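The values are calculated or read from the model by the stated rules, or taken from the named source; none is laboratory data. All values reported here derive from a predicted model rather than from experimental measurement. Cβ atoms come from the backbone with ideal geometry, glycine included; neighbour counts cover every protein chain shown.
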Amino acid sequence: MHGHGWKWLLCTPALIVLLLAASGPLLIVAVYSFLSPGNMGGVVWEFSLEAWFRVFFRRDIFEPDLVEWNRAHLQVFWRSIWLSLQTTFICAVLGFPTAWFIATRPRHTRTIWLFLITIPFWTNLLIRTFAIQEMIRNNGTVNAVLMWSGLIDSPIQMMFTEFAVLLGMAYVFLPLMVLPLYAAMEKMDFSLVEAGYDLYASRLNVLWHVILPQVKPGFIAGSILVFIPAIGAYVTPRVLGGGRTMMLGNLIALQFGQGRNWPLGAALAMLMLVVVVGALIFYLRVVGRNDEARRG
Amino acid sequence: MSHEIDITGLSKSFGQGAAAFQALKEIDLTITSGEFFTLLGPSGCGKTTLLRIIAGFELPSTGTVRINGRDVTSLGPSKRPVNTVFQSYALFPHMSLSENIGFGLKMLGKPKAEIRATVDEMLQLVRLEAMADRRPSEISGGQQQRVALARALAPRPRVLLLDEPLSALDLKLRKEMQSELKRLQSETGITFVFVTHDQEEALTMSDRIAVMSAGQILQLGAPQEIYNTPVNRFVADFIGDTNFLKLRVKAVDAGMAVLELPGGKAAQASLPDGMRPATGALVTAVIRPEQAEATGADEGDLHATVESATFFGTDTHLHLTLADAQGFVLRRQNRPGQPVPAPQSRLGLALAPGALRVLED
Ligand SMILES: Nc1ncnc2c1ncn2[C@@H]1O[C@H](COP(=O)(O)OP(=O)(O)OP(=O)(O)O)[C@@H](O)[C@H]1O
Ligand SMILES: [Mg+2]
């Protein structure tokens with residue numbers, strides 16, 4: 001451990017950036033959530049718990065003492081979590097065969113497939129989302145083809161539904177699942193698969209007992225990379241979901257915009273942070289449980 | 001002795017069209033039940049390919065594989081009574097040693113109690129009882145090797161395939177594992193098909209050896225047979241050390257030739273089947289380094305000058321030059337008080353009767 005005493009100095013630049021770029025704003029948001037809203041937006045420097053109260057509850061307009069759950073907010077929380085979980089699941093189910101396909105190609109062609117996977121990143125998210133809109137709106141491509149082929153008589157309503165949001169998010173976040181899965185598979189020792197077959201395992205058993213345990217780190221990384229941005233998604237639910245399928249990100253943006261309630265927006269943002277960190281800890285506990293139990 | 005594995009007309013090509021590469025060429029092979037059979041050959045000769053076809057990982061281009069009389073050519077590895085010990089061991093890193101060893105039985109749907117009993121028995125067989133709950137990453141290379149063996153033996157296959165299982169071990173451990181393998185084979189009575197490119201390993205362990213080169217089996221036989229009567233120059237060169245001498249034929253008679261030795265004397269040499277060289281032709285004759293004896297300078301069949309001597313502990317290799325400048329290596333067992341000949345000293349060589357053999361090139 002020679003020279004260990006000063007080596008931490010090497011991380012100071014990164015620490016400063018982290019402090020300024022991440023902790024600073026976070027602190028501001030945390031403080032704002034305990035202040036009062038200004039009339040034209042902004043905050044008034046007056047301590048108040050009202051914002052946190054209104055995250056979960058609402059008062060009757062005529063009788064301020066009548067308190068009830070803020071159903072609209074709870075619905076948005078629930079929808080955000082549920083849609084993000086579904087997105088993660090869909091990405092995992094679609095991403096696994098994709099990553100497997102790439103990982104089992106000859107080495108020199110894998111780069112091409114990976115390149116194709118990353119191409120969507122080159123285009124602005126908004127434009128890609130509008131492209132999906134173009135596909136699924138009532139007189140868009142999908143409905144036009146279905147009507148032309150005679151399968152349906154009138155267009156299917158897909159825009160402004162949870163389905164549309166799910167489709168958009170799965171499309172946007174799929175590469176974030178494929179890449180870590182591919183990385184895990186590429187490291188995998190394929191002779192383990194042969195050993196599995198050699199020891200009388202069926203295809204399903206090889207998948208379950210040999211391949212999945214090997215690529216588990218990829219699944220964990222991919223799930224985190226998909227779930228976290230999904231729960232804070234803004235553009236996709238805004239464009240494809242409209243006002244009826246609002247998610248947490250849109251609700252927060254609303255408070256800083258038309259809602260003119262910055263403290264409420266700040267409280268909602270903090271809540272989201274707590275939800276994400278909580279989910280992360282829970283997930284790592286549950287998924288990593290087997291390994292720890294064994295090592296323990 | 002029943003047939004365990006019958007291979008007929010087996011070929012394997014990789015790639016297509018002009019880029020096709022024939023890794024195995026028309027192999028015919030029968031392996032007997034309960035024998036320790038070795039595939040021996042230089043790197044790239046097709047040993048692994050042949051083993052993978054027997055295991056079911058690879059489909060042959062032509063030919064059939066039968067195991068215990070049943071045609072298994074198109075069956076997958078999970079449907080063959082054959083288990084493999086992989087060169088890289090391929091132990092499941094996320095399972096304990098017990099789980100690794102019990103995996104095959106679990107997949108066969110055996111009851112839990114039976115699995116536990118067999119796993120315990122296997123752990124005992126490879127002497128790893130104390131480590132049953134460890135992960136493969138927590139044991140040494142030699143121990144991993146033994147777990148791989150136990151895992152492959154646990155389902156009691158008819159045949160065990162081993163692809164260079166000892167090549168990753170250091171010399172001492174390798175010697176230990178060699179006798180361990182022999183012990184396991186005789187205790188279980190399972191047919192072993194063993195791949196190696198180490199000729200000494202093949203000679204010491206095998207009941208029979210198939211010497212392969214470029215996708216073909218050149219010679220098949222017991223270790224003594226292969227060592228004493230190699231069929232061609234490649235086998236003679238690959239197995240053990242050999243002196244190759246270019247000698248002139250003086251006379252030919254019923255499977256024997258009389259060859260003119262450097263220095264003028266003559267010696268009898270056996271001829272391979274069907275070869276009848278003309279009198280006066282130059283042929284290649286072989287003799288093993290230990291099949292000649294040093295004599296006084298004016299005695300023996302050959303006269304030689306000592307160039308150098310290399311000490312090997314049990315014996316000494318004398319590098320000699322014959323009268324016509326051809327090289328010759330003599331292996332002499334060391335005895336107490338026996339002097340090492342000085343460089344440039346002269347000695348005679350007496351060839352053991354029947355040691356000299358003519359080979360087709
Ligand atoms: N999947 C493959 N595609 C193309 N060629 C292959 C493939 N597998 C093996 N070969 C070729 O077939 C030949 C035989 O290979 P094989 O692995 O059987 O050799 P080996 O005798 O086991 O050699 P080593 O002692 O180095 O393991 C080699 O020339 C190899 O390049
Ligand atoms: Mg090989």
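Yes or no: B:Gly104 surrounded by 21 or more Cβ atoms within 10 Å (Cβ to Cβ), at the interface with chain A (Cβ under 10 Å from one of its Cβ atoms) and among the small types (Gly, Ala, Ser)? Before you say what the answer is, go through the steps one by one.
Working: surrounded by 21 or more Cβ atoms within 10 Å (Cβ to Cβ): yes; at the interface with chain A (Cβ under 10 Å from one of its Cβ atoms): yes; among the small types (Gly, Ala, Ser): yes.
Answer is yes for this residue.
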Exercise. Within region B:150-168, which residues are away from chain A (no Cβ under 13 Å) and away from ligand 2 (no atom under 16 Å from the Cβ)?
Worked result: B:Arg158
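Select from region A:125-151 the residues that are surrounded by fewer than 10 Cβ atoms within 10 Å (Cβ to Cβ) and under 24 Å from the mean Cα position of the chain (by Cα) and list them in ascending order. Spell out the reasoning first.
Residues of region A:125-151 that are surrounded by fewer than 10 Cβ atoms within 10 Å (Cβ to Cβ), as a first pass: A:127, A:139, A:148-151.
Scanning region A:125-151 gives a single hit, A:Ile127.
Suppose we keep only residues that are in a loop (DSSP other than H, G, I, E, B) and at pLDDT 85 or above within region B:167-205. Which one would you say is nearest to ligand 1 (Cβ to nearest atom)? Please lay out each step first, then the result.
So in region B:167-205, the residues in a loop (DSSP other than H, G, I, E, B) come out as B:167-170, B:189-190, B:197-198.
Still in the running and at pLDDT 85 or above: B:189-190, B:197-198.
Working: B:Gly189: 27, B:Ile190: 22, B:His197: 5, B:Asp198: 10 Å.
By that ranking, first place goes to B:His197.
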For this session: Report, by residue number, each residue of region B:50-68 that is near ligand 2 (Cβ under 10 Å from one of its atoms), of a type outside the set (Lys, Arg) and within 14 Å of chain A (Cβ to nearest Cβ).
Result: B:Leu51
Seminar exercise, completed: Those residues of region B:126-165 that are farther than 22 Å from B:Glu201 by Cα, part of a helix (DSSP H, G or I) and under 30 Å from the mean Cα position of the chain (by Cα) come to a total of 2
For this session: Can you confirm whether region B:136-148 contains a residue that is at pLDDT below 90, within 16 Å of ligand 1 (Cβ to nearest atom) and surrounded by 21 or more Cβ atoms within 10 Å (Cβ to Cβ)?
Result: no
Exercise. Is it the case that region B:271-292 has a residue that's within 21 Å of B:Phe234 (Cα to Cα), in contact with a Gly (Cβ under 6 Å, 6 or more places away or on another chain) and buried (at least 18 other Cβ atoms within 10 Å of the Cβ)?
Worked result: yes
Problem set entry | Verdict on A:Glu194 being in contact with a Phe, Trp or Tyr (Cβ under 9 Å, 6 or more places away or on another chain) and more than 30 Å from B:Leu75 (Cα to Cα) | no
Exercise. Within region B:1-18, can one find any residue that is within 16 Å of ligand 2 (Cβ to nearest atom) and not charged (D, E, K, R)?
Worked result: yes
Exercise. Taking the condition within 30 Å of B:Gln219 (Cβ to Cβ) and either touching a Lys or Arg at 6+ places or on another chain (Cβ under 9 Å) or buried (at least 17 other Cβ atoms within 10 Å of the Cβ) (or both), does B:Val306 pass?
Worked result: no
